[in-house]
1. Those residues that are within 23 Å of the chain's Cα centre (by Cα) and at pLDDT 90 or above, I need them from the stretch 34-63; list them, please.
2. Does any residue of the stretch 127-145 turn out to be on the phi < 0 side of the Ramachandran plot, modelled with pLDDT of 90 or more and assigned to a helix (DSSP H, G or I)?
3. Report yes if some residue within the stretch 67-76 is over 29 Å from residue 224 (Cα atoms), assigned to a helix (DSSP H, G or I) and out of contact with any strand residue (DSSP E or B) (no Cβ under 8 Å at 6 or more places or on another chain); otherwise report no.
4. Here is a check on your reading of the model: is residue 107 assigned to a helix (DSSP H, G or I), at pLDDT below 90 and crowded, with 18+ Cβ neighbours inside 10 Å?
5. So residue 96 clears everything in (1) at pLDDT 95 or above; (2) touching a helix residue (DSSP H, G or I) at 6+ places or on another chain (Cβ under 6 Å); (3) not in a loop (DSSP other than H, G, I, E, B) except one condition, right? Which one?
6. Please pick out the residue among 58, 33, 47 that is out of contact with any strand residue (DSSP E or B) (no Cβ under 7 Å at 6 or more places or on another chain), on the phi > 0 side of the Ramachandran plot and surrounded by 15 or more Cβ atoms within 10 Å (Cβ to Cβ).
7. Residue under question is residue 190, and the condition is that it be surrounded by 19 or more Cβ atoms within 10 Å (Cβ to Cβ), touching a residue at least 40 places away in the same chain (Cβ under 8 Å) and more than 16 Å from residue 229 (Cβ to Cβ); does it hold?
8. Among the residues of the stretch 208-221, is there at least one that is at pLDDT below 90 and assigned to a helix (DSSP H, G or I)?
């Protein structure tokens, strides 16, 4: 059982070998999961020896941590900056946040990475979807910075939709609905790019009729409407 404490740490600039190991680990975790991927599997594909993994990461748990940390770090910074901008706009305009603004904070940064066509981000999205079902997932500790962003988002949501302030269960389920819709959308895009949407699905061909910008904007509208439903 892999137990990973995703606490943010200060890391030095990764080397070429370091990044190669992370890229390979990320892609194999996306396909086989953490439990289904051994260190030897990673070293064989990355073209390095086990000693290199031990040198750069120390253990499999720390390797998993670094795969998550390097992606979360940039996402969290962008989301934090976006929340700063919303708070400043609301202060200047003397208003409460709009649900669409809040939905965009969580959705748009991920879409920007998807639109970059970096295959690593597609692998990471697939890996995160599997991570929930890994043995010991209930022991995973989100980074404090992620929890901080959630707290800020929750505070702004209560201002945007005051009727949710006194109903924490409904508010948390709305957030769960938002996360599920967003994650499934990202996974569907990943499936489309990999050619893995079953042809037997009646609407499979229609999914390709929209570009990433259209999907992003409609997802934001959908989530924003759901937050105030």
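The values are calculated or read from the model by the stated rules, or taken from the named source; none is laboratory data. Please read all numbers here as calculations on a predicted model, not as lab measurements. With ideal geometry, Cβ positions are generated from the backbone for all residues, glycine too; neighbour counts draw on all protein chains shown.
1. Looking only at the stretch 34-63, we keep the residues that are within 23 Å of the chain's Cα centre (by Cα), and these are 34-37, 42, 57, 60-63.
Answer for the stretch 34-63, where residues must be within 23 Å of the chain's Cα centre (by Cα) and at pLDDT 90 or above: 34, 35, 36, 37, 42, 57, 60, 62, 63.
2. yes
3. yes
4. Taking the combined requirement at face value, the residue does not satisfy it.
5. Every listed condition holds for residue 96 apart from (3).
6. One residue alone meets the criteria, 33.
7. Taking the combined requirement at face value, the residue satisfies it.
8. No: zero hits.
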